[in-house]
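Structure first, commentary second.
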Amino acid sequence: MELILEYFPNLTQDQIEQFSKLKSIYTNWNNKINVISRKDIENINLRHVLHSLSIAKFIEFKEGTTILDLGTGGGFPGIPLAILFPNCKFNLVDSIKKKILVVDQVSKELGLNNVTTHWSRAEKLDLKFDFLVTRAVAKMNKIIDWSENSFNLKSNNDIENGIIALKGGDVQNEISVLTTKKIIPISEIINDDYFTDKKIIYVPSKLSYS
């Protein structure tokens, strides 16, 4: 918990309690339905929670913002962001049923009333949202195709509605065709070697290709 508080010192007591429960809840459910590697469970606050929360260092979602977490897996980045932004609405989507079952239980045990889950493939979704967040799910061009015409037209945040993707490694090839983008190295936000090659990539909904 100290690691999270180092970067987010203004958490409420409720948020501190929720973040403190995450490791035990995930360890319990992971023993029944494997959604996170054992190595990552031991480092869940760094590799999953803080990684997810790096998005909050890029944008502080305003009250009422609707966020879609595409390919949420075990609930990342959606669950940590839902704890941090209780007045925003989160739709967590995954095509694998067992992962959604785990996310449902985690949300229930944490008392998160701002999370709705969807067992669905991306292309079959019929949802409108302000932002799409995702972590290492697919190439940017696929994410863009899947989310086309799904963004709300009115932007109420400090940046335009769009895609916020957590990516690792060399992403130059997959983003080279995008003329409108912003790349933020997470190592500039969080001081840990784990984030050396990890980035936040933001693409506004009114993107353009070169």
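The values are calculated or read from the model by the stated rules, or taken from the named source; none is laboratory data. Values in this document were obtained by computation on a predicted structure and should not be read as measured data. Because the Cβ atoms are built from the backbone with ideal geometry, glycine has one as well, and the counts that use them run over all protein chains shown.
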**OP:** Please find, within segment 109-125, the residue that is nearest to the chain's Cα centre (by Cα) out of those that are closer than 19 Å to residue 96 by Cβ and charged (D, E, K, R).
**Re:** 121
**OP:** Would you please list the contacts, defined by Cβ atoms under 9 Å and residues six or more apart or on different chains, that run from a residue in segment 150-162 that is more than 15 Å from residue 128 (Cα to Cα) to a residue that is of a type in the set (Lys, Arg) and modelled with pLDDT of 95 or more?
**Re:** 157/62; 158/62
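Restricting the search to segment 182-208, which residues are modelled with pLDDT under 80 and not hydrophobic (A, V, I, L, M, F, W, C)?
If we filter segment 182-208 for residues that are modelled with pLDDT under 80, which is where we start, we get 206-208.
Passing the criteria: 206, 208.
Within segment 104-125, track down each residue that is small (Gly, Ala, Ser), assigned to a helix (DSSP H, G or I) and out of contact with any Phe, Trp or Tyr (no Cβ under 6 Å at 6 or more places or on another chain).
Of all residues in segment 104-125, those small (Gly, Ala, Ser) come to 107, 111, 120, 122.
Filter again for assigned to a helix (DSSP H, G or I), leaving 107, 122.
Listed by number, the list holds a single entry, 107.
Does any residue of segment 126-138 turn out to be touching a residue at least 24 places away in the same chain (Cβ under 8 Å), over 15 Å from the mean Cα position of the chain (by Cα) and either in a helix (DSSP H, G or I) or surrounded by 15 or more Cβ atoms within 10 Å (Cβ to Cβ) (or both)? Write out each step before concluding.
In the first step, residues of segment 126-138 are kept if they are touching a residue at least 24 places away in the same chain (Cβ under 8 Å); the result is 127-138.
When the remaining residues are screened for being over 15 Å from the mean Cα position of the chain (by Cα), the result is 127-128.
Checking the rest, the ones that are also either in a helix (DSSP H, G or I) or surrounded by 15 or more Cβ atoms within 10 Å (Cβ to Cβ) (or both) come to none.
Among the residues of segment 126-138, not one is touching a residue at least 24 places away in the same chain (Cβ under 8 Å), over 15 Å from the mean Cα position of the chain (by Cα) and either in a helix (DSSP H, G or I) or surrounded by 15 or more Cβ atoms within 10 Å (Cβ to Cβ) (or both), which makes the answer no.
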Original post:
Which residues, counting only those in segment 180-210, are over 26 Å from residue 6 (Cα atoms), part of a loop (DSSP other than H, G, I, E, B) and in contact with a Leu (Cβ under 8 Å, 6 or more places away or on another chain)?
Top reply: 180, 181, 207, 208, 210
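Here is a list: 2, 60. Which entry is over 27 Å from residue 163 (Cα atoms) and either surrounded by 19 or more Cβ atoms within 10 Å (Cβ to Cβ) or out of contact with any strand residue (DSSP E or B) (no Cβ under 8 Å at 6 or more places or on another chain) (or both)?
Working: 60 fails: over 27 Å from residue 163 (Cα atoms).
Going through 2, 60 in turn, just one is over 27 Å from residue 163 (Cα atoms) and either surrounded by 19 or more Cβ atoms within 10 Å (Cβ to Cβ) or out of contact with any strand residue (DSSP E or B) (no Cβ under 8 Å at 6 or more places or on another chain) (or both): 2.
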**OP:** Filter segment 148-179 down to residues that are in a loop (DSSP other than H, G, I, E, B) and touching a Phe, Trp or Tyr at 6+ places or on another chain (Cβ under 8 Å) and give me whichever is surrounded by the fewest Cβ atoms within 10 Å (Cβ to Cβ).
**Re:** 179
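Taking residue 100 as the residue in question, decide whether it is out of contact with any Gly (no Cβ under 9 Å at 6 or more places or on another chain), surrounded by 15 or more Cβ atoms within 10 Å (Cβ to Cβ) and more than 24 Å from residue 181 (Cα to Cα). Don't jump to the end; show me each part of the working.
Details: out of contact with any Gly (no Cβ under 9 Å at 6 or more places or on another chain): yes; surrounded by 15 or more Cβ atoms within 10 Å (Cβ to Cβ): yes; more than 24 Å from residue 181 (Cα to Cα): yes.
It is true that residue 100 is out of contact with any Gly (no Cβ under 9 Å at 6 or more places or on another chain), surrounded by 15 or more Cβ atoms within 10 Å (Cβ to Cβ) and more than 24 Å from residue 181 (Cα to Cα).
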Original post:
Can you find a residue in segment 100-108 that is over 24 Å from residue 16 (Cβ atoms) and hydroxyl-bearing (Ser, Thr, Tyr)?
Top reply: no
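Could you check segment 94-124 and list, in sequence order, the residues that are out of contact with any helix residue (DSSP H, G or I) (no Cβ under 8 Å at 6 or more places or on another chain) and in contact (Cβ under 8 Å) with a residue 40 or more places away in the chain?
First, the residues of segment 94-124 that are out of contact with any helix residue (DSSP H, G or I) (no Cβ under 8 Å at 6 or more places or on another chain): 96-101, 104, 108, 113, 116, 120-121, 124.
98, 99, 101, listed by residue number.
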**OP:** Filter segment 129-181 down to residues that are at pLDDT 85 or above and of a type in the set (Gly, Ala, Ser) and give me whichever is nearest to residue 36 (Cα to Cα).
**Re:** 168
